[in-house]
Each structure stands twice: as structure tokens, then as C-alpha cells.
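Heads up, the thing below is written out as C-alpha cells.
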Amino acid sequence: MIFSNFHNWALDETPSSPSQALWGRRYRIWLNLKSNPLAMIGLFIIAVFVFIAIFAPWLAPHDPSIQNLGNRLAAPSAEHWFGTDELGRDIFSRILYGGRVTLGMVIAVVILVAPLGLIIGCVAGYFGGVVDTILMRVTDVFLAFPRLILALAFVAALKPGVESAILAIALTAWPPYARLARAETMTIRNTDYIAAYRLTGASAARIITRHIAPLCVPSLIVRITLDMSSIILTAASLGFLGMGAQPPSPEWGAMIATAKRFIFEQWWVATIPGIAIFLVSLAFNFLGDGLRDVLDPKQN
């Protein structure tokens, strides 16, 4: 009954308040996204991994750091669902805890790069001229290097670790978002309603933050969701190369690095973390494609 009332209220063609119009738009976005099977599969997989990462201490059957050399490289069984690694640690438990490290790194990177790219792109697109030239040339410098190579250079200049990896990935991930925000801003800045705000005496900072940046957010959300997989792969690559999370941290990339010499005889040790990385990356791609269809007006 409550859901039916909300459904009718949100889809009312003549909303009586801005709040009703806003919730109606959000509900329509959800309905459109819900009609995309691949997007819902991606959302489900992401929700599952987020759930197991949050509740890992209660879901993990073993301590991920406890070693049992007498049971090292054990095959998957009822006691150890995904087997054990070279130190006898339960791989299933380490996958659960590793989700905290990997997904936590991704979330931290997005929190850092999304506002940075949005601000730089909006400022460059709004002011143009010298400001645009300077900011975009700096962006071009970062875009000129492959992300992983540049991230490795940053981590090497600091020290290997989760914090250094997050900072390095963030410093290499913001340029595409700045480019996208700049392109969106350049199509908005000369519209009539922005000119009207200027005539009312609104400052450039207020126009950018209150009226231009919010219009760039939907496209930015789509780009971030699609870019999540590359952020995950970069984080895992840094861990694999010994520049990210350090042992005994159960980070998926680091788990593959320590298990690569067993890949032919004890395949599960390296394969299981690889499957986790593959599933999360694929899920974000599915969800990103669905959000692009829903949020990007150019696709409609």
C-alpha cells in the first residue's frame, strides 16, 4: 500500500512541489535502470561484495592472518571453501577481508578525484582564456603518461603502501573527469539562464558551484562508474607489483603476486583473487553502461 502510494505520488505528471518533482525524477531513473538486466546484475554483484566487505569479521570462518603451515596449499574443501595459500591461511576469509582493502581504496580514490576533476573542469570551462589554457595543459601532462606507469612513479617517490597507492591513483585518475566537466561547462556557460544569473550579480564561484557543477554531475557519475574497473585494476596491479598494500594485508592484487608461482599446481591460490577482481570490474562496467543509458541525455 505504501509503495503503491509512493509510486503514484512520484509519477504524478503535475507535481505540486519541487521535492515531489525531484523524487519523481529519481524514481523514473530507478525504473529505467531496473529495466536493464545487465545493469541490475552489476548492481547486485557490487552490493554483494560491499556487503561481504562490511560484514567480513562476522562472515569469515577463519582469521585471515592465522598461519597453519601443516595445512598449506590445501585444495578447496568443506573446511576451507577456496582452499589455503602458501602459509596455510584460509583464502575465502582473505577474499572477504581483501574486499575491504580493494573497495576501500577505490572509494577513497573516487572521493578524492571526483571533486578535484569537477572543480578544475568547471573553472577551466567557465573562465576560458588563459585559465583554461593553463589548467588544460596541466591536464594534458598527466594524460600523456599511462596511468599505471605514472602511479608507479608516484608510489616509488613516496613509499609502498595503501595510502601511497590511493594518493598515486588519485593523482593519475582526475584528468578525464576534468576534461568531461570542462566540455559540459562550455556548453552551459553561454545559456540564457546562466546569463540571467550573471545579471543578478551572482559571483562566478556561486554560478559554478550552484548552477553549473550540478549539471555536470550526471555525466561525471557515468564516467566514474565506467572508470571504476580501471581503478580496481590499477590498485590490484600496484599490489601485484609490490607497490600497493603490503603483506600480510589480504589485498587481492598482492594475493595474486604471492601465489603466482603456484598457479599451475595449486591453481586456486591465484585464481580465486583473480576471479574476485574480474567480477567486481565487470559489475562496474555493467552498471556504468546502464547508468549511461539512463543519465546521459545524448544517449536518449
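In the range 167-190, the residue that is farthest from Thr209 (Cα to Cα) out of those that are open to solvent by 30 Å² or more (accessible area, probe 1.4 Å) and part of a helix (DSSP H, G or I) is Leu167. Residues that are outside any loop (DSSP other than H, G, I, E, B) and open to solvent by 50 Å² or more (accessible area, probe 1.4 Å) were ranked within the range 227-257; the one that is nearest to Ala170 (Cα to Cα) is Leu233.
Somewhere in the range 259-280, is a residue on the phi < 0 side of the Ramachandran plot, touching a residue at least 40 places away in the same chain (Cβ under 8 Å) and hydroxyl-bearing (Ser, Thr, Tyr)? No. What about Glu79, is it in a helix (DSSP H, G or I), open to solvent by 10 Å² or more (accessible area, probe 1.4 Å), under 30 Å from Ile275 (Cα atoms) and out of contact with any Leu (no Cβ under 7 Å at 6 or more places or on another chain)? It is false that Glu79 is in a helix (DSSP H, G or I), open to solvent by 10 Å² or more (accessible area, probe 1.4 Å), under 30 Å from Ile275 (Cα atoms) and out of contact with any Leu (no Cβ under 7 Å at 6 or more places or on another chain).
Out of the residues in the range 57-75 that are out of contact with any Lys or Arg (no Cβ under 6 Å at 6 or more places or on another chain) and open to solvent by less than 70 Å² (accessible area, probe 1.4 Å), which is farthest from Pro247 (Cα to Cα)? Of everything passing the filter in the range 57-75, Ala75 is farthest from Pro247 (Cα to Cα). Any chance you could count how many residues in the range 155-196 are in contact with a Ser or Thr (Cβ under 7 Å, 6 or more places away or on another chain) and within 30 Å of Leu241 (Cα to Cα)? Qualifying residue count for the region: 6. Looking across Leu150, Leu199, one residue alone is out of contact with any Ser or Thr (no Cβ under 9 Å at 6 or more places or on another chain) and aliphatic (A, V, I, L, M). It is Leu199.
Across the range 57-76, the number of residues qualifying as assigned to a helix (DSSP H, G or I) and either under 19 Å from Ser281 (Cβ atoms) or under 29 Å from the mean Cα position of the chain (by Cα) (or both) comes to 3. Residue-level analysis places Arg292 outside the set of residues that are more than 19 Å from Val109 (Cα to Cα), without any contact (Cβ under 8 Å) to a residue 40 or more places away in the chain and not acidic (Asp, Glu). For first residues located in the range 58-74 and under 18 Å from Ile256 (Cβ atoms), partners that are among the charged types (D, E, K, R) and exposed (fewer than 13 other Cβ atoms within 10 Å of the Cβ) and lie 6+ apart or on another chain with Cβ distances below 9 Å form the pairs Leu73/Glu265.
Any residue in the range 220-234 that is modelled with pLDDT of 80 or more and more than 23 Å from the chain's Cα centre (by Cα)? So that I can check it myself, show each step before the final result.
Initially, the range 220-234 is screened for residues modelled with pLDDT of 80 or more, giving 220-234.
If we keep only those that are more than 23 Å from the chain's Cα centre (by Cα) too, we end up with none.
Within the range 220-234, none of the residues are modelled with pLDDT of 80 or more and more than 23 Å from the chain's Cα centre (by Cα).
When the range 22-56 is limited to residues that are within 17 Å of the chain's Cα centre (by Cα) and of a type in the set (Phe, Trp, Tyr), the one that is least open to solvent (accessible area, probe 1.4 Å) turns out to be Phe49. Of the listed requirements (1) within 22 Å of the chain's Cα centre (by Cα); (2) buried (at least 19 other Cβ atoms within 10 Å of the Cβ); (3) hydrophobic (A, V, I, L, M, F, W, C); (4) within 30 Å of Met243 (Cα to Cα), Phe145 misses just one: (2).
The values are calculated or read from the model by the stated rules, or taken from the named source; none is laboratory data. Fair warning: this is a prediction, and the values are worked out from it, not measured in the lab. Note that each Cβ is placed from the backbone with ideal geometry, even for glycine, and that neighbours are counted across all protein chains shown. When the accessible area is computed, the model is the full protein with side chains, heavy atoms only, and any ligands, DNA or RNA have been set aside. Shrake-Rupley method; radii C 1.70, N 1.55, O 1.52, S 1.80 Å.
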